[in-house]
1. From the residues in the stretch 80-91 that are more than 12 Å from the chain's Cα centre (by Cα) and not polar (S, T, N, Q), which one is nearest to Glu126 (Cα to Cα)?
2. Counting just the residues of the stretch 45-69 that are assigned to a loop (DSSP other than H, G, I, E, B) and within 28 Å of Thr95 (Cβ to Cβ), which one comes out modelled with the highest pLDDT?
3. Name the pairs whose Cβ atoms lie under 9 Å apart, with the first residue in the stretch 1-28 and charged (D, E, K, R), the second outside any helix (DSSP H, G or I) and at pLDDT below 85, and 6 or more positions between them or separate chains?
4. I'm trying to understand the selection: among the residues of the stretch 131-144, which are buried (at least 16 other Cβ atoms within 10 Å of the Cβ) and charged (D, E, K, R)?
5. Scanning the stretch 110-135 for residues that are assigned to a loop (DSSP other than H, G, I, E, B) and under 19 Å from the mean Cα position of the chain (by Cα), which turns out modelled with the highest pLDDT?
6. Of the residues Ala72, Ala77, which is part of a loop (DSSP other than H, G, I, E, B), closer than 23 Å to Glu126 by Cα, modelled with pLDDT of 85 or more and assigned by TED's automatic domain parsing to the domain that holds Thr127?
7. Counting only residues that are within 20 Å of the chain's Cα centre (by Cα), assigned to a loop (DSSP other than H, G, I, E, B) and under 15 Å from Ile3 (Cβ atoms), how many does the stretch 26-44 have?
8. Can you pull out every residue in the stretch 83-109 that is of a type in the set (D, E, K, R) and either assigned to a strand (DSSP E or B) or at pLDDT below 75 (or both)?
Amino acid sequence: MPIQSDNTLKAWFERLDRPTQAQFWDLIDSKWNKNDLIPIAKIDGLTDILNQLGAVAPSFNSAVDVEKLIPADSVLAMVLIVPQAGTDVTINIGTTNGGAEISEVEILVSYADPQPIVLNRYFKIETTIYITGITSLCKFKLIYK
């Protein structure tokens, strides 16, 4: 069935009008279902936004303290945390081992979806970031530009 414009679809459903079965099917085919996967190319500007994110460090799993090097003249945009389902997670993000100068985060039980921690911190010089106080196994991904 062809995809129809919003104005065409509205015209079929004006007061006292009865759309045909084909028109109703066109309505269904013309809209995204909340369970449909939307292709990246269909979302205006998404490719540009993704390109602006810059470097994405490889993800890593950890239940113990870790340290990562952030290059000079970079912005640490965010840290994505993916906890194991059914576990609470508490972490500190700092520039000193055990510190929470950048962020202190608690993610409550039952989250298994990625939890973005938006930081937008600029580092003029190469800096080591410490992720400490991790209370349960989770996956991390640092995004910087």
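The values are calculated or read from the model by the stated rules, or taken from the named source; none is laboratory data. Given the structure is predicted, the values throughout are model-derived calculations rather than measurements. Every residue, glycine as well, gets a Cβ built from its backbone with ideal geometry; the counts of neighbours run over all protein chains shown.
1. Applying the first criterion (more than 12 Å from the chain's Cα centre (by Cα)) to the stretch 80-91 yields 83-91.
Now narrow it down to the ones that are not polar (S, T, N, Q): 83, 85-86, 88-89, 91.
Working: Pro83: 28, Ala85: 34, Gly86: 36, Asp88: 32, Val89: 28, Ile91: 22 Å.
If we take residues in the stretch 80-91 being more than 12 Å from the chain's Cα centre (by Cα) and not polar (S, T, N, Q), then Ile91 is nearest to Glu126 (Cα to Cα).
2. To start, the set of residues in the stretch 45-69 that are assigned to a loop (DSSP other than H, G, I, E, B) comprises 45, 53-54, 57-59, 63-65.
From what is left, the residues that are within 28 Å of Thr95 (Cβ to Cβ) are 53-54, 57-59, 63-65.
Numbers: Leu53: 60, Gly54: 59, Ala57: 58, Pro58: 58, Ser59: 62, Ala63: 73, Val64: 78, Asp65: 84.
Step by step, filter the stretch 45-69, then rank; the result is Asp65.
3. Between residues of the stretch 1-28 that are charged (D, E, K, R) and residues that are outside any helix (DSSP H, G or I) and at pLDDT below 85, the close pairs are Asp26/Met1; Asp26/Pro2; Asp26/Ile3; Asp26/Gln4.
4. Lys141
5. From the stretch 110-135, those assigned to a loop (DSSP other than H, G, I, E, B) are 110-114, 124-126, 133-135; that's our starting set.
Filter once more, so that each one left must be under 19 Å from the mean Cα position of the chain (by Cα): 110-114.
Numbers: Ser110: 51, Tyr111: 57, Ala112: 61, Asp113: 68, Pro114: 72.
Only one residue tops the list, namely Pro114.
6. Values: Ala77 fails: part of a loop (DSSP other than H, G, I, E, B).
That would be Ala72, the only listed residue that is part of a loop (DSSP other than H, G, I, E, B), closer than 23 Å to Glu126 by Cα, modelled with pLDDT of 85 or more and assigned by TED's automatic domain parsing to the domain that holds Thr127.
7. Step one: list which residues in the stretch 26-44 are within 20 Å of the chain's Cα centre (by Cα), which gives 34-44.
Now restrict to residues that are assigned to a loop (DSSP other than H, G, I, E, B): 34-39, 43-44.
Filter once more, so that each one left must be under 15 Å from Ile3 (Cβ atoms): 36, 38-39.
Looking only at that region, the number is 3.
8. First pass over the stretch 83-109, keeping only residues of a type in the set (D, E, K, R): 88, 101, 104, 106.
Hits for the stretch 83-109 are Glu104, Glu106.
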